[in-house]
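Trainee: Just dropping this structure here.
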Amino acid sequence: MAVRQLAGKRILITGASSGIGRDLAIGLAAAGAAVILAARRADKLVELESEIRSTGGKAFSFAADVTSDADRTRLLADCESRLGGLDVLINNAGVGAMGRFDQADPQRLRQIFEVNFFALAELTRAALPMLKSGNDALIVNISSILGHRGAPLKSEYSASKFAVHGFSDAIRAELANDAIEVLLVSPSTTDSEFFDAAIEDDTRKDWKKGGAMSTEVVAAKTIKAMRKRRHEIILTFGGRVLVWLDRMIPGLANRIIAKFGQ
Ligand SMILES: NC(=O)c1ccc[n+]([C@@H]2O[C@H](COP(=O)([O-])OP(=O)(O)OC[C@H]3O[C@@H](n4cnc5c(N)ncnc54)[C@H](OP(=O)(O)O)[C@@H]3O)[C@@H](O)[C@H]2O)c1
């Protein structure tokens, strides 16, 4: 199949106020797409909107909490009224928490799933009617390498990203006859506001000590995969090795992760 053209595409990006979402918005607008920028921090979105517009791009900001049903409905109505529909939905908004599962309040698990999974799934459900009449439609779910192999001290987050992985595989097959493609993106540790914005971190660990990808690289690789119609990408060599080891020699993978992952 021909590469996907991004120029002229109408794209909604959640979590566009910082990190990966912000760089996706800049890259996609530079490629000629019209982007709707969604997140809770309106000031950051307005700043990004002006930055994109100052370079001739097309961007519209919309303050929304993805966990709110009402906000999701208003957000999609905004896509319809401003752009006349939607071609690409990028589910990027996400939060984490670091710490032992047995010491965490059960609310932590609920909060993570509300943002990382339930909001993603429900925004997708609500966007499907528009995507079905979209042009070369695509759903991009920003997951994590921890959606392929869980890690200690990030149990709730790992579980939420496994849910995103399973959901993405299932709807990819379900939507095959509706001409809507699904891309699952699995970055490794990335240098963004993610660790500072975590709901909780009682580990005192420097999570980026082992190295981190830049948000620009994650965005560039994601945009390349969108163009090439990939279904799934794991962004680092280390991530691919981890997935291979976990499938082929799970006992060894477990021992290594238990020893070095916490
Ligand atoms: N950083 C990493 O190491 C890493 C690794 C693998 C995968 N990822 C995934 O990559 C995605 C982007 O994360 P990032 O690294 O770019 O972190 P980030 O800079 O913290 O960005 C997270 C974005 O999500 C938004 N967000 C959080 N809760 C929201 C809510 N309830 N409603 C609307 N927006 C919300 C935040 O905006 P507001 O605060 O303005 O709402 C922000 O724009 C996430 O799904 C994350 O799980 C990150």
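Bear in mind these aren't lab numbers, they're just calculated from the coordinates by the rules spelled out. Here the structure is a predicted model, which is why all the values come from computation and not from measurement. Using ideal geometry, Cβ is built from the backbone for each residue, glycine included, and neighbour counts are taken over all protein chains shown.
Trainee: P(r) of the stretch 20-104 in 10 Å steps, Cα pairs, percent per bin?
Mentor: So the P(r) values, bin by bin, are 16, 47, 24, 9, 4, 0.
Trainee: Still on this structure, I have one more. With a ≥ b ≥ c taken as the square roots of the eigenvalues of the C-alpha gyration tensor of the stretch 69-110, please select rounded if a/c is under 1.5 and otherwise prolate if a/b is larger than b/c or oblate if it is not? Don't skip to the answer; put the middle values down first.
Mentor: On the way: a/c = 6.31, a/b = 2.99, b/c = 2.11.
Verdict is prolate for the stretch 69-110.
Trainee: Roughly how many nanometres apart are two label points built 7 Å out from the Cα toward the Cβ at Arg40 and Ala126?
Mentor: If labels sit at Arg40 and Ala126, their model points lie 1.6 nm apart.
Trainee: Rounded to the nearest 5, what % of DSSP beta bridges with both residues in the stretch 10-237 are antiparallel? If you can, show how the numbers build up before the last one.
Mentor: Working: 0 of 30 bridges.
So the antiparallel bridges amount to about 0 percent of the total.
Trainee: Give me the distance between the Cα centres of the stretch 140-169 and the stretch 176-229, rounded to whole Å.
Mentor: With the stretch 140-169 and the stretch 176-229 each reduced to a Cα centre, they are spaced 11 Å.
Trainee: Using alpha carbon coordinates only, what is the Rg to Rh ratio of the stretch 163-262, with Rh defined as the Kirkwood radius? Present the calculation step by step, with values, prior to reporting the outcome.
Mentor: Values: Rg = 16.1 Å, Rh = 15.9 Å.
Looking at the stretch 163-262, the ratio lands at 1.01.
Trainee: With each run of n ≥ 4 DSSP H residues scored as -39500 (n - 2.57), what mean residue ellipticity at 222 nm is computed for the chain after dividing by its residue count and rounding to the nearest 500 deg cm²/dmol?
Mentor: -14000 deg cm²/dmol
Trainee: Given the pairs Lys224/Lys259; Lys58/Lys221; Lys9/Lys221, which span a C-alpha to C-alpha distance of over 24 angstrom in this model?
Mentor: Details: Lys224/Lys259 35 Å; Lys58/Lys221 22 Å; Lys9/Lys221 18 Å.
Exceeds cut-off: Lys224/Lys259.
Trainee: Placing +1 on the Cβ of each Lys and Arg and -1 on the Cβ of each Asp and Glu in the stretch 10-237, which of Ala16, Leu48, Leu138 has its Cα farthest towards the positive end of the resulting dipole?
Mentor: After comparing all options, I get Leu138.
Trainee: Tell me the Kirkwood radius of the stretch 46-180: reciprocal of the mean inverse pair distance over distinct alpha-carbon atoms, in Å.
Mentor: Details: mean 1/r = 0.0613 Å⁻¹.
Result for the stretch 46-180, one decimal place: 16.3 Å.
Trainee: Taking 2.2 N^0.38 Å as the expected size of a compact globular protein, what ratio does the Cα radius of gyration of the stretch 10-237 give against it, to two decimals? Can you show the working numbers first?
Mentor: Details: Rg = 16.6 Å, N = 228, 2.2 N^0.38 = 17.3 Å.
The reported ratio for this selection is 0.96.
Trainee: Let me ask another. I'd like the Karplus ³J(HN,Hα) series for the stretch 191-207: coefficients 6.51, -1.76, 1.60, θ = phi - 60°, whole numbers in Hz, and an x wherever there's a Gly or Pro.
Mentor: Working through the residues one at a time gives 7, 9, 7, 3, 6, 6, 8, 4, 4, 7, 8, 9, 9, 6, 8, 8, 5 Hz.
Trainee: So, one more: Between helix 215-227 and the chain, what is the angle of the helix's C-alpha long axis to the longest principal axis, kept within 0 to 90° and rounded to the nearest 10?
Mentor: So the inclination is approximately 60 degrees.
Trainee: Among Glu80, Glu200, which comes first, then next, by fewest other beta-carbon atoms within 10 Å? Intermediate results must be reported in sequence, preceding the final value.
Mentor: On the way: Glu80 12, Glu200 16.
Least to most surrounded, the residues fall as Glu80, Glu200.
Trainee: Around Lys58, which amide H atoms from residues at least 5 apart in sequence, or from another chain, sit under 5 Å from its own amide H, with H modelled in the peptide plane?
Mentor: Val35
Trainee: Using Cβ contacts closer than 10 Å as the measure, can you line up Met213, Met98, Met1 from fewest to most?
Mentor: On the way: Met213 19, Met98 23, Met1 7.
In increasing order of surrounding Cβ atoms, one gets Met1, Met213, Met98.
Trainee: Give the angle, between 0 and 90 degrees and rounded to the nearest 10, that separates the Cα long axis of helix 237-248 from the longest principal axis of the Cα atoms of the chain.
Mentor: The helix 237-248 is inclined about 60 degrees to the chain.
Trainee: Continuing with the same structure: What's the ranking of 203-210, 105-112, 137-144 by average number of surrounding C-beta atoms within 10 Å, highest first?
Mentor: Details: 203-210: 11.4, 105-112: 14.6, 137-144: 24.8.
So the order, starting with the most tightly packed, is 137-144, 105-112, 203-210.
Trainee: May I pose another question? Under 5 Å between amide hydrogens, which residues at least 5 positions from Lys154 or on another chain qualify, with H placed 1.01 Å from N in the peptide plane?
Mentor: Placed amide hydrogens put Gly99 under 5 Å from Lys154.
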